[in-house]
Amino acid sequence: MIRVLRAELLKVRADRPSRVLVLLGLLLGLGSAVLAGLLVIQPELAAGQPVTVLSREPSAVIAILNGAIPMTRILAVVSGVMAMCREYSHKTLAQTYLSTPNRYSVIGAKAGAQLLVGLIIGLISVVIGLVVAIGFVIACGGSLFLDQGGTWGALLLGVLSVTVWSLIGCAAGVLIRDVVITLAVVLGFCFLVDPTLSAIFAQQGWTLVQNLLPGGATAAMVQSHSPLMMLSANPFPPGLAALVLIGWCLVPGVIGTLLTIRRDVE
């Protein structure tokens with residue numbers, strides 16, 4: 001298993017499009033964090049008042065610290081899709097199964113490699129948010145509230161959420177297999193279906209079903225009140241929200257794995 005995991009990590013390192021994707025995603029994450037900060041301070045700026053929200057509201061600072069997540073989670077899910085679908089698109093999966101006949105080991109190794117990739121993306125996402133938050137605190141005054149356990153908890157859950165999104169992409173890839181169709185389904189859901197349903201459910205006051213959506217679960221996990229995160233009016237506790245998000249990974253992942261074990265390989 002360790003040998004297969006090393007081979008999968010080597011494939012990730014050698015994939016040049018993935019490196020370009022990471023760079024693009026991190027730039028978008030930086031823009032997302034800056035936008036989150038501007039949205040936090042905008043009400044006081046519009047009212048012509050001094051910006052004090054960053055000195056009295058830990059939730060406002062957390063919104064900036066995790067402000068890159070709306071974009072870095074997309075990077076993570078696309079990375080997961082590419083990791084799982086890469087060999088289907090290049091028609092190299094048969095050779096992989098010949099070298100490692102146990103398909104469970106192959107799928108497990110791909111998921112394990114993507115888990116590490118997701119952790120790295122999550123850590124970088126938090127670092128981006130921290131840099132942006134420091135900039136806003138220096139410019140407007142305030143505190144990062146790093147002396148409070150809730151801030152550190154939100155940061156750790158932010159890393160976890162991005163990691164799970166990476167595995168969601170991996171699960172979608174093992175279920176659908178075709179890279180173009182999988183990316184269309186995943187990105188269409190993330191950018192169109194999920195936000196639209198969240199807005200409808202929020203307007204109707206259906207907080208339970210909003211919390212069951214992956215976007216709502218992510219917002220509840222990271223405890224972010226940023227408008228970019230679509231947090232419900234009555235969010236789940238972070239632990240329960242994490243279980244909901246993990247469920248979005250496990251259901252397609254288990255179904256896709258069971259189907260893959262029985263499929264012929266082209």
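The values are calculated or read from the model by the stated rules, or taken from the named source; none is laboratory data. Remember, predicted model here, so these are calculated numbers, not experimental data. So basically every Cβ, Gly included, is an ideal-geometry build from the backbone, and we count neighbours across all protein chains shown. The area values use the complete protein model at the heavy-atom level, side chains included, leaving out ligands, DNA and RNA. Shrake-Rupley method; radii C 1.70, N 1.55, O 1.52, S 1.80 Å.
Details
- Residue match in the stretch 147-166 (condition: outside any helix (DSSP H, G or I) and not charged (D, E, K, R)): yes
- From the list Leu45, Leu35, Leu39, the one residue that fits, being touching a Ser or Thr at 6+ places or on another chain (Cβ under 7 Å), open to solvent by 60 Å² or more (accessible area, probe 1.4 Å) and more than 21 Å from Gly118 (Cα to Cα), is Leu39.
- If you filter the stretch 216-228 down to residues that are open to solvent by less than 10 Å² (accessible area, probe 1.4 Å) and assigned to a helix (DSSP H, G or I), you find that the one that is nearest to Ser166 (Cα to Cα) is Thr218.
- If you check Gln42, Gln49 for being more than 24 Å from the chain's Cα centre (by Cα), among the polar types (S, T, N, Q), modelled with pLDDT of 80 or more and not in a helix (DSSP H, G or I), only one passes: Gln49.
- Selection of first residues in the stretch 56-71 that are in contact (Cβ under 8 Å) with a residue 24 or more places away in the chain and farther than 15 Å from Val126 by Cα and of second residues that are of a type in the set (Gly, Ala, Ser) and open to solvent by 10 Å² or more (accessible area, probe 1.4 Å), restricted to Cβ pairs under 8 Å at least 6 apart or on distinct chains, gives the following pairs, ordered by first then second residue: Pro58/Gly150.
- On inspection, Gly80 does not qualify as closer than 27 Å to Val164 by Cβ, outside any helix (DSSP H, G or I) and open to solvent by less than 50 Å² (accessible area, probe 1.4 Å).
- Considering the stretch 198-215, and only residues there that are outside any helix (DSSP H, G or I) and more than 18 Å from the chain's Cα centre (by Cα), the residue that is farthest from Ile176 (Cα to Cα) turns out to be Gly205.
- Verdict on Val174 being surrounded by 16 or more Cβ atoms within 10 Å (Cβ to Cβ), modelled with pLDDT under 90, over 19 Å from Pro58 (Cβ atoms) and not charged (D, E, K, R): yes
- The set of residues from the stretch 56-74 being outside any helix (DSSP H, G or I) and under 22 Å from Leu192 (Cα atoms) comprises Asn66, Gly67, Ala68.
- Scanning the stretch 132-156 for residues that are aromatic (Phe, Trp, Tyr) and open to solvent by less than 70 Å² (accessible area, probe 1.4 Å) yields Phe136, Phe145.
- Entry remark, the stretch 188-215: residues being hydroxyl-bearing (Ser, Thr, Tyr) and either surrounded by fewer than 16 Cβ atoms within 10 Å (Cβ to Cβ) or in contact with an Asp or Glu (Cβ under 7 Å, 6 or more places away or on another chain) (or both) number 1 in total.
- The residues on offer are Leu26, Leu10, and the sole one that is open to solvent by 50 Å² or more (accessible area, probe 1.4 Å) and either assigned to a helix (DSSP H, G or I) or at pLDDT below 75 (or both) is Leu10.
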